[in-house]
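Following: one structure in structure tokens, then a few remarks.
The values are calculated or read from the model by the stated rules, or taken from the named source; none is laboratory data. Bear in mind that the values here come from a model prediction, so they are computed numbers and not experimental data. Methodologically, a virtual Cβ is constructed for each residue, glycine included, from the backbone with ideal geometry; neighbour enumeration extends over all protein chains shown. SASA here: full protein model, heavy atoms, side chains in, ligands and nucleic acids out. Shrake-Rupley method; radii C 1.70, N 1.55, O 1.52, S 1.80 Å.
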Number of protein chains: 2
Amino acid sequence: MAAAHEDELVEMLIGLFQEIDGLFAAASRRLGLTPQQAQLLCFARHRQPSSGELAALLHCDKTNITGLVDRLQRRGLLTRRPDPDDRRVTRVHLTAEGEALSGEFQRVIDTTLTTGFSSWPSTERDDLIRLLSSATSGLRSRPRQAP
Amino acid sequence: MAAAHEDELVEMLIGLFQEIDGLFAAASRRLGLTPQQAQLLCFARHRQPSSGELAALLHCDKTNITGLVDRLQRRGLLTRRPDPDDRRVTRVHLTAEGEALSGEFQRVIDTTLTTGFSSWPSTERDDLIRLLSSATSGLRSRPRQAP
DNA sequence: ATGGACAGTCGAGATCATCAACTATTTGGT
DNA sequence: ACCAAATAGTTGATGATCTCGACTGTCCAT
């Protein structure tokens, strides 16, 4: 067993997590958003998620989404619209202003991450993409424990 | 330029971030901690950080640390001790209970991540460790912009 | 129909997070 | 040695995040 290697891998994964967490905090703050608001806007960028979907994506309770969406709606960044197929669900649609702001956020993230890899040879980039893809999908089916 | 590859890499990095974020949320909740509390305890596991160091590690204002440490101290998980070399700084020391709880948290994280990679050949693990190391250090010196 | 599952909201209470202002201590320049 | 500037931590005020239990309304399978 390569126990030392495993520990090292875990350490690296968490280190990268911390780094991206800091990047998100700095970028959202720069735009006058909280990290949660920025992430919610990004999730609503190309689909029109329901509150329940947003709760799953943000790893929080659905009752939290109500206030989160309330504040963003009060700022004119999104609107609530009823789902035509299921009258229980309400879907979140970005306004033009919300599109612009979330686009700005995504641009900051993209350029910061991209410039961090600008000096990498494309073979290493491809390797990393391949390994990250396997890693993420491997973790996505993580063992759930009973509540 | 491999613009498509860059976008794909950014997408993968964020996907992994989301996954680890969810893992942290679930693990800390299981132990009756908030994610911030769990992270703070882990940072205090082997060193005795000052409040300012904790603020930098948690990417938040130093005034936030006061209340965070207050609540953990009230639960008997850590103590404040003055730094002998600089009477301005107070350092955080975990109690035995705090050690146990943060150890439990770290164990949950470690085993979940490790089992996610248990089927990987060691050559791929080594590749991923090497690439993540480069990536994280490359991002750690990220370009700061003026406030 | 009707009972159970599901989506969203509300109210209460705790935590997280920031800002301005303050005290105490350290440091460096003169 | 002195004093101004920088630093570490706390406090109070304010707003945002997050969860829990309870509630309404809708869907769906029996």
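Name the residue, out of B:GLY32, B:GLY22, that is within 11 Å of DNA strand D (Cβ to nearest atom), within 14 Å of chain A (Cβ to nearest Cβ) and not in a helix (DSSP H, G or I). Show your work before the answer.
On the way: B:GLY22 fails: not in a helix (DSSP H, G or I).
Checking each option against the conditions leaves just B:GLY32.
Of B:SER102, B:SER141, B:SER134, which residue is modelled with pLDDT under 95 and either open to solvent by less than 60 Å² (accessible area, probe 1.4 Å) or farther than 16 Å from A:ILE20 by Cα (or both)? Working first, answer last.
Values: B:SER102 fails: modelled with pLDDT under 95; B:SER141 fails: either open to solvent by less than 60 Å² (accessible area, probe 1.4 Å) or farther than 16 Å from A:ILE20 by Cα (or both).
From the options B:SER102, B:SER141, B:SER134, the qualifying one is B:SER134.
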| Residue that is nearest to A:ARG29 (Cα to Cα) [pool: residues in region B:48-80 that are away from DNA strand D (no atom under 12 Å from the Cβ) and assigned to a loop (DSSP other than H, G, I, E, B)] | B:HIS59
| remark: Among B:GLN48, B:GLN36, the single one that is out of contact with any helix residue (DSSP H, G or I) (no Cβ under 9 Å at 6 or more places or on another chain) and either of a type in the set (Asp, Glu) or open to solvent by 40 Å² or more (accessible area, probe 1.4 Å) (or both) is B:GLN48
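Is at least one residue of region B:81-91 of a type outside the set (A, V, I, L, M), assigned to a helix (DSSP H, G or I) and without any contact (Cβ under 8 Å) to a residue 60 or more places away in the chain? Walk me through how you get there before you give the answer.
Filtering region B:81-91 for residues of a type outside the set (A, V, I, L, M) gives B:81-88, B:90-91.
In the following step, the residues that additionally are assigned to a helix (DSSP H, G or I) were identified as none.
Checking region B:81-91: not a single residue is of a type outside the set (A, V, I, L, M), assigned to a helix (DSSP H, G or I) and without any contact (Cβ under 8 Å) to a residue 60 or more places away in the chain.
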| query | Quick one: would you say A:THR90 is more than 15 Å from the chain's Cα centre (by Cα), more than 10 Å from DNA strand C (Cβ to nearest atom), more than 9 Å from chain B (Cβ to nearest Cβ) and open to solvent by less than 70 Å² (accessible area, probe 1.4 Å)? | reply | no
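Of everything in region B:68-82 that's open to solvent by 20 Å² or more (accessible area, probe 1.4 Å) and within 11 Å of DNA strand C (Cβ to nearest atom), which residue is nearest to the other protein chains (Cβ to nearest Cβ)? Walk me through how you get there before you give the answer.
Narrowing region B:68-82 to residues open to solvent by 20 Å² or more (accessible area, probe 1.4 Å): B:70-71, B:73-76, B:79-82.
When the remaining residues are screened for being within 11 Å of DNA strand C (Cβ to nearest atom), the result is B:70-71, B:74-75, B:82.
On the way: B:ASP70: 22, B:ARG71: 20, B:ARG74: 24, B:ARG75: 22, B:PRO82: 28 Å.
That would be B:ARG71.
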| field | Search result, residues across region B:36-59 that are without any contact (Cβ under 8 Å) to a residue 12 or more places away in the chain, at negative phi and either within 12 Å of DNA strand C (Cβ to nearest atom) or not basic (Lys, Arg) (or both) | value | B:HIS46, B:GLU53, B:ALA55, B:ALA56
| query | For A:ALA100, are the conditions met, namely being part of a helix (DSSP H, G or I) and either near DNA strand C (Cβ under 10 Å from one of its atoms) or in contact (Cβ under 8 Å) with a residue 40 or more places away in the chain (or both)? | reply | no
| Just wondering, is there one or more residues in region A:77-86 that are closer than 25 Å to B:ASP21 by Cβ and either among the basic types (Lys, Arg) or under 19 Å from the mean Cα position of the chain (by Cα) (or both)? | yes
| note | Every listed condition ((1) away from DNA strand D (no atom under 11 Å from the Cβ); (2) within 26 Å of B:LEU57 (Cα to Cα); (3) open to solvent by 40 Å² or more (accessible area, probe 1.4 Å)) holds for A:GLU97 save (2)
| request: Read through the list (1) modelled with pLDDT of 95 or more; (2) crowded, with 18+ Cβ neighbours inside 10 Å; (3) assigned to a loop (DSSP other than H, G, I, E, B), then give the number of the only condition that A:TRP120 fails. | output: (1)
